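Single-structure report; data block below.
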Amino acid sequence: MAMMPAKFLRTAFNTLAVLSFVLLSVLHAGQVRAATLVIGLAADVSSLDPHFLNVASNVAMSSHFFDTLVTTDADGKLIPALAESWRTLSPTVWEFKLRKDVKFQDGSPLTADDVVFSLERPATILNSPGPFTPYVKQIVSRQIMDAHTLRLTTAQPYGPLLLDLSSIFIVSKKAAQGKTTEDFNTGRALIGTGPFRFVKFQRGERIEAVRNEYYWGPRPVWDKVTFRILTAEPARLAALLSGQVDLIEGAPPADLPRLRKDARFRLEQRPSWRTLFLQLDHARDASPDITDNNGKPLGRNPLKDLRVRRALSKAIQRQALTERTLEGLGIPAANLVAPGILGHNDNLRPEAYDPEGARRLLAEAGWPNGFGLTLHGPNNRYINDDQILQTIAQFFSRIGIKTRVETLPLSVYFGRLRNADFSIGLLGWGSLAGDVAAKTLVGTPDPAIGWGSWNWGRYSNPRVDGLIRDALATTDPSRRRRLAQAADTAALEDLAMIPLHHEIATWAMRRNLRYPPRIDEFTFAWQVRPE
Amino acid sequence: MTTFLLRRLGHGLFVLLAMALLVFIAVYAIGNPVDLLVDPQADAADRARAIHALGLDQSLPRQFVAYLGHALRGDLGNSFVYGTPALSLIMERLPATLELAGTALFVAILAGLPLGLWAGTRQGPIRQIIDGLSLLGFSLPTFWSGLLLILIFAVTLGWLPPGGRGETHVLYGISLSIFTPDGWRHLILPASTLALFNTALLVRLVTRGTADGLTQEYARYAKARGLPPGQVLTGHVLPNILIPVITVLGLEFGSTIAFAVVTETLFGWPGMGKLLIDAIGTLDRPVIVAYLLVTTTLFVTINLGVDLLYMILDPRVRLGNSHG
């Protein structure tokens, strides 16, 4: 009995000796790099079923294996994909011509049958917390004219149909019929027309793909692509610095100066589609976060007064916010959607910093001594989100509004925000259409039709509602653009929300690679090119 | 013995039930994943459909009772976000976590035990240096020491990969990476990071125990019998300090698994800790509850194992009987 530990120790030492030998040989084994691309992804991919969960990371991954009828370019403009052309036969009937040269990864040709199957499939997936059904529910009938011609009818004239269709991936009916989400994860049902073919899915770890030799588009330069899930910023950065991955998305803001100086790497940046703004409580008289100067509930809501909203907007020095607080990773915003997006009004200028004017407006509105306010926001969602709110609180304090800041983890914050627990909340919104964004953010809330689902402050303006409705019902792109612009501008002039800035997205990669940065922040392997 | 095991089992089941209930209430209070994940374009019908399909339209007690009913049949529910059974998601990743925690513990024992024994026989500066280093070892936050190791060995020297899991080898249906050189290359840094705390703890524990043990009568007697110092140490002192060491290691193995969350996130190690973090972010309740049930079960089992080990190591301990 007493000897057992001694024996154990001896065995342990022997094992240690063997182990250190193994380790040494391991350390000397060099790394072999084939002609492949390794990408570090910032968010987990939960499923490879392209119709299961509508989150950006899943959609970005599905884009490698599947195509859509219509897609968007790096600037968010709609361009043909599997549909080579389309036209409206009437305000509610759309005809799509499919490309004739498209083959699935199993060699079978793409037909209108597959498209109809794919448009109907989202409604059959019941157990998803974020289904794709909102994108297909406007379509009331799907008519196959011939193998490569398809007519879709919408319930009402519906402008964003093409944009909605850019979210619905076309799967092979033969491969996917009767198959479950798990069949896609194992690859059995995962047959698409996209530039890459599925090889391996190790959940939470990596996804491997090889070039699809049947791909109808330009031949991808990479034989093999590996996506590594690296959700922690230091892990992603370390993987890049050590050469384990070739490119990362969501390059950590704090490390950009260092990466910029390092000759081994290149950064690609552009304004993203995400606009950050302060949402306001427009409806309640007793708003939860507003107090008098002694911290007592006020019973009166100053945010209902346009002059107060204007004062808040004027108090913010957006240039300082983007250059200092965001370290250059933002541009001052005057709009609801990013530059270049349908509905963006180039004539709007970011509100000029004018603390004097702001104080005057406050006095005019009957608040010469200000009031007490708490700002709410997330602390792990947007670039430097916590610091942004702290900065704004200082700006507000300068015009006499005693401002405090409270930030929360995202999963808690979003729930409470939509429950209208706050008076002012920080929100970032990425959208490819100003009318769709306005419907969600400033349209009078009506759950039955999906209006105002994020308009927790209950902003309501019949003129804005009317313009949004007209824009959404317009199928002519240029007319819709004008109407969406008018809707967004009307809401912004009324300061339905206080726009802050558009975020700038950053990719970091090896010096000899190039990536055209995308407005939607997606990382597409086939668009990464060696120099 | 049987009564002891049965009582332990009863305790374990009670802990599991209490844990499940607490987590259920907590996640319910935060909100539901549909509100977090549903597309803003979704109308009331889309939302209601999703909430109904996930069973979230039921009252909390109803949901809990239904959950227990399924759990008794071995079904811990489908993950909301992954759409696959929560238990299999966890089992898929359990080997990676156990492998990491097990290696970390192994490293801690290999380094901590000899170092502690040696330091215990020394007086003066050497002892103080080792003491100081071990204090540093368990004051350093895992996050920081992990980053430091990555910076030195992966980024600057380029000897080891900064993260991820290496090539795996399937053994009895479990994929493990400890059988491949590539697996070890990936395992060294995270396991060392995780081992740091336990090594430091072990060094301190063993140093004190040894120093103390050497002054005891049995050690002095052994020395007087003319036994070489090494044998006095491993043959007499070590067995006597093993009981507290095993108690601490047993407890620490549990918390190593739990603390692996930080290390796993930092090194992109695909273990269940990382799964938990993601699940909390998306309020994926089935995964959160299943994770906690699995870890609680592990804790209970480890503690049981520790108690049984006592019995082997110390013949005086008789479980289930009252003893003084």
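Cβ separations smaller than 6 Å between residues 6+ apart or across chains give the following pairs from the stretch A:382-408 residues that are under 28 Å from A:GLY250 (Cα atoms) to residues that are part of a helix (DSSP H, G or I) and among the small types (Gly, Ala, Ser): A:VAL405/A:ALA393.
Give the residues of the stretch B:99-154 that are polar (S, T, N, Q) and without any contact (Cβ under 8 Å) to a residue 60 or more places away in the chain, sorted by residue number. Steps first, please.
Of the residues in the stretch B:99-154, the ones polar (S, T, N, Q) are B:103, B:121, B:123, B:128, B:134, B:139, B:142, B:145.
Matches in the stretch B:99-154: B:GLN123, B:GLN128, B:SER139, B:SER145.
Taking first residues from the stretch A:286-300 that are part of a strand (DSSP E or B) and partners that are of a type in the set (S, T, N, Q) and open to solvent by less than 50 Å² (accessible area, probe 1.4 Å), the Cβ contacts under 7 Å between residues at least 6 apart in sequence or on separate chains come to A:ILE290/A:ASN301; A:ILE290/A:SER423; A:PRO297/A:THR291. Just so you know, in the stretch B:134-172 the residues that are part of a loop (DSSP other than H, G, I, E, B) and more than 14 Å from chain A (Cβ to nearest Cβ) include one that is modelled with the highest pLDDT, and it is B:LEU140. Residues considered: A:GLY370, A:GLY377. Of these, the only one that is among the small types (Gly, Ala, Ser) and surrounded by fewer than 22 Cβ atoms within 10 Å (Cβ to Cβ) is A:GLY370. Evaluation of B:LEU293 against the conditions (1) within 14 Å of chain A (Cβ to nearest Cβ); (2) within 30 Å of A:GLY204 (Cβ to Cβ) shows that the sole unmet condition is (1).
Mind checking which residues of the stretch B:245-287 are of a type in the set (A, V, I, L, M) and either open to solvent by less than 10 Å² (accessible area, probe 1.4 Å) or at positive phi (or both)?
Going residue by residue through the stretch B:245-287, those that are of a type in the set (A, V, I, L, M) are B:245-246, B:248-249, B:251, B:257-258, B:260-262, B:266, B:272, B:275-277, B:279-280, B:283, B:287.
Listed by number, the residues that qualify are B:VAL245, B:ILE257, B:ALA260, B:LEU266, B:MET272, B:LEU275, B:ALA279, B:LEU283, B:VAL287.
When the residues of the stretch B:72-90 are filtered to those that are surrounded by fewer than 19 Cβ atoms within 10 Å (Cβ to Cβ) and out of contact with any strand residue (DSSP E or B) (no Cβ under 9 Å at 6 or more places or on another chain), the one that is nearest to the other protein chains (Cβ to nearest Cβ) is B:SER88. Give the residue that is nearest to A:SER128 (Cα to Cα), with candidates limited to residues of the stretch B:42-53 that are within 7 Å of chain A (Cβ to nearest Cβ) and open to solvent by less than 30 Å² (accessible area, probe 1.4 Å). Here the answer is B:ALA50.
Open to solvent by less than 30 Å² (accessible area, probe 1.4 Å) and more than 14 Å from every other protein chain (Cβ to nearest Cβ): which single residue out of A:GLU95, A:GLU84 fits that description?
On the way: A:GLU84 fails: open to solvent by less than 30 Å² (accessible area, probe 1.4 Å).
None of the others qualify; the one that does is A:GLU95.
Residues of the stretch A:437-451 that are in contact with a helix residue (DSSP H, G or I) (Cβ under 7 Å, 6 or more places away or on another chain), within 12 Å of chain B (Cβ to nearest Cβ) and open to solvent by 10 Å² or more (accessible area, probe 1.4 Å): A:LYS439, A:PRO447, A:ALA448, A:TRP451.
Taken together, A:VAL55, A:VAL45, A:VAL22 contain a single residue that is open to solvent by less than 10 Å² (accessible area, probe 1.4 Å), within 11 Å of chain B (Cβ to nearest Cβ) and modelled with pLDDT under 95, which is A:VAL45.
Any idea which of A:SER141, A:SER128, A:SER118 is of a type outside the set (A, V, I, L, M, F, W, C), surrounded by fewer than 19 Cβ atoms within 10 Å (Cβ to Cβ) and not assigned by TED's automatic domain parsing to the domain that holds A:SER431? Before you say what the answer is, go through the steps one by one.
Details: A:SER128 fails: surrounded by fewer than 19 Cβ atoms within 10 Å (Cβ to Cβ); A:SER118 fails: surrounded by fewer than 19 Cβ atoms within 10 Å (Cβ to Cβ).
Of A:SER141, A:SER128, A:SER118, the one residue that is of a type outside the set (A, V, I, L, M, F, W, C), surrounded by fewer than 19 Cβ atoms within 10 Å (Cβ to Cβ) and not assigned by TED's automatic domain parsing to the domain that holds A:SER431 is A:SER141.
Criterion applied to A:GLN138, A:GLN105, A:GLN156 was being of a type in the set (S, T, N, Q) and away from chain B (no Cβ under 14 Å), and the one residue passing it is A:GLN105.
So for the stretch A:191-198 (the condition being more than 14 Å from A:HIS64 (Cα to Cα) and assigned to a strand (DSSP E or B)), does at least one residue qualify? Steps first, answer last, please.
Within the stretch A:191-198, the subset more than 14 Å from A:HIS64 (Cα to Cα) is none.
The answer is no, given that none of the residues of the stretch A:191-198 is more than 14 Å from A:HIS64 (Cα to Cα) and assigned to a strand (DSSP E or B).
Can you say whether A:PHE169 is in contact with a Phe, Trp or Tyr (Cβ under 9 Å, 6 or more places away or on another chain) and at pLDDT 95 or above, as far as the supplied structure shows? Against the criterion (in contact with a Phe, Trp or Tyr (Cβ under 9 Å, 6 or more places away or on another chain) and at pLDDT 95 or above), A:PHE169 qualifies.
Exactly one condition in (1) within 12 Å of another protein chain (Cβ to nearest Cβ); (2) of a type in the set (A, V, I, L, M); (3) assigned to a strand (DSSP E or B) is not met by A:LEU150; state its number. The one condition A:LEU150 does not meet is (1).
Selection within the stretch A:477-531: residues that are of a type in the set (D, E, K, R) and closer than 30 Å to A:ARG87 by Cα. The member of this set that is surrounded by the most Cβ atoms within 10 Å (Cβ to Cβ) is A:ASP488.
The values are calculated or read from the model by the stated rules, or taken from the named source; none is laboratory data. If you're wondering where the values come from, they're calculated on a predicted model, not measured in any experiment. For neighbour counting, all protein chains shown are included, and Cβ atoms are generated from backbone atoms with ideal geometry for every residue, glycine included. Calculation scope for accessible area: heavy atoms of the full protein, side chains included, ligands and nucleic acids excluded. Shrake-Rupley method; radii C 1.70, N 1.55, O 1.52, S 1.80 Å.
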